[in-house]
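Written out below as structure tokens is the structure these notes cover.
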Amino acid sequence: MKKQMPTSAIGPENMVKPMLLGAVFGLVAIILVLMLLALIMSFGILPISAAPAISSVSVAIGAFLAGFIAAKKFKKNGLLIGALCGAVLFALFTLIGLAAFNSAPSASTLIRLIVFITASAVGGIIGVGGSDKRKIV
């Protein structure tokens, strides 16, 4: 039987640790996927014009993993935890981008927000709804 968290453990103060853990893993995953795809691009397998799509794919993979890990850790409310984890990652990336490049948010920022939140919310749903290791005999 699946263990349920007590209702007192569902408060916002208990969501912070799983979301930060998920965000860290998501950030590492985004960096690793970007490095792998940049290596593939350097060998000429992928054209340079594919860079924006590659960036979106790596962000989606990292955000999915972030939502998945955060929801697995929290064990409840996968959609909410995943979406919040995606929002944290989006805020982190946006702040880093604004600080590093001194540029204003653009239309691509809205697309990136949608990608972060959607991918991490789906990861959260799958993370909570994962398979139980029960015997059916």
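Read-outs throughout are calculated quantities, based only on the coordinates presented, and are distinct from any laboratory measurement. The structure displayed is predicted, hence computed values, not measured ones. A quick note on method: Cβ atoms are made from the backbone with ideal geometry, for glycine too, and the neighbour counts reach across all protein chains shown.
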Extension gain from residue 79 to residue 49, taking 0.36 nm per residue of separation minus the Cα-Cα distance: 7.4 nm
Spherically averaged projected area in nm², based on the convex hull that wraps the Cα atoms of region 17-128: 6.8
In Hz, Karplus ³J(HN,Hα) per residue of region 71-80 (6.51, -1.76, 1.60; θ = phi - 60°; x = Gly, Pro): 6, 4, 5, 7, 6, 7, 6, x, 4, 5
Sites residue 110 and residue 24 - FRET efficiency at Förster radius 30 Å, r taken between beta-carbons, to 0.05: 0.75
